[in-house]
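This report refers to the structure that appears directly beneath it.
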């Protein structure tokens, strides 16, 4: 990738930190290490970054606390890299606003692929021209403002949740597989069925259920999801 993207790597294990820095720098990007959540937050306040690679089990401020603080005012991509392998851990951080989740031990090629997918997605959002409002039943999506209302109430979505809903509303009543959704919103290769899309869809449904009992997203078993 030609741009000199700046990647903040928050990892307290120095050996893993060096490995991640090497992966990033080999791709021609700038890698900046931080060894605690507090140090990482300070780096974000003082400098500009395009993406964060984040461990969860950090000294002082945990990775989860870091995500919650950052998401109060910043939408830059956050990829969690953690030894926590339970689906509950993944669900929790995705709900908090993480964009992706990689488990340790990780594969170098997978890390770089996921980083490039998120960076490409962010670049597309900056260069893509504004689109007209999308309306489906009582759901209104404003691509230029990246805002959603349901029954005239604002629906608070993470970046990934917004992109999935915008993708589905582009062709209502058509079933899409997880692969199609993943490659459609992140313009990158599908990296396996790791339930990331399912978790994001579940989050969207829960947020919609807080406003209406009307079903909008249907699971098509053996296929994927469809806006109805």
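Just a few scattered comments:
- Boolean, residue 22 is under 21 Å from residue 93 (Cα atoms) and surrounded by fewer than 19 Cβ atoms within 10 Å (Cβ to Cβ): no
- The set of residues from region 45-63 being surrounded by 20 or more Cβ atoms within 10 Å (Cβ to Cβ), assigned to a helix (DSSP H, G or I) and out of contact with any strand residue (DSSP E or B) (no Cβ under 6 Å at 6 or more places or on another chain) is empty.
- Counting only helices (runs of 4 or more DSSP H) wholly contained in region 99-200, the ones carrying 2 or more residues that are modelled with pLDDT of 90 or more occupy 108-127, 159-170.
- When the residues of region 201-218 are filtered to those that are under 18 Å from residue 94 (Cβ atoms) and outside any helix (DSSP H, G or I), the one that is nearest to the chain's Cα centre (by Cα) is 217.
- Being crowded, with 16+ Cβ neighbours inside 10 Å and either in contact with a strand residue (DSSP E or B) (Cβ under 9 Å, 6 or more places away or on another chain) or not assigned by TED's automatic domain parsing to the domain that holds residue 185 (or both) is a property that does not hold for residue 15.
- Here is the figure for region 1-12: residues that are surrounded by 15 or more Cβ atoms within 10 Å (Cβ to Cβ) and more than 21 Å from the chain's Cα centre (by Cα) total 1.
- Sole exception among (1) within 13 Å of the chain's Cα centre (by Cα); (2) without any contact (Cβ under 8 Å) to a residue 60 or more places away in the chain; (3) in a loop (DSSP other than H, G, I, E, B) for residue 93, by number: (3)
- Only residues that are free of Cβ contacts under 8 Å to residues at least 12 places away in the same chain and more than 20 Å from residue 112 (Cβ to Cβ) were counted in region 13-45, giving 2.
- Once region 66-89 is narrowed to residues that are modelled with pLDDT of 90 or more and in a helix (DSSP H, G or I), the residue that is surrounded by the most Cβ atoms within 10 Å (Cβ to Cβ) is 66.
The values are calculated or read from the model by the stated rules, or taken from the named source; none is laboratory data. The model shown is predicted, which means the values in this text are computed figures rather than measured ones. Cβ: placed from backbone, ideal geometry, glycine included. Neighbour counts: every protein chain shown.
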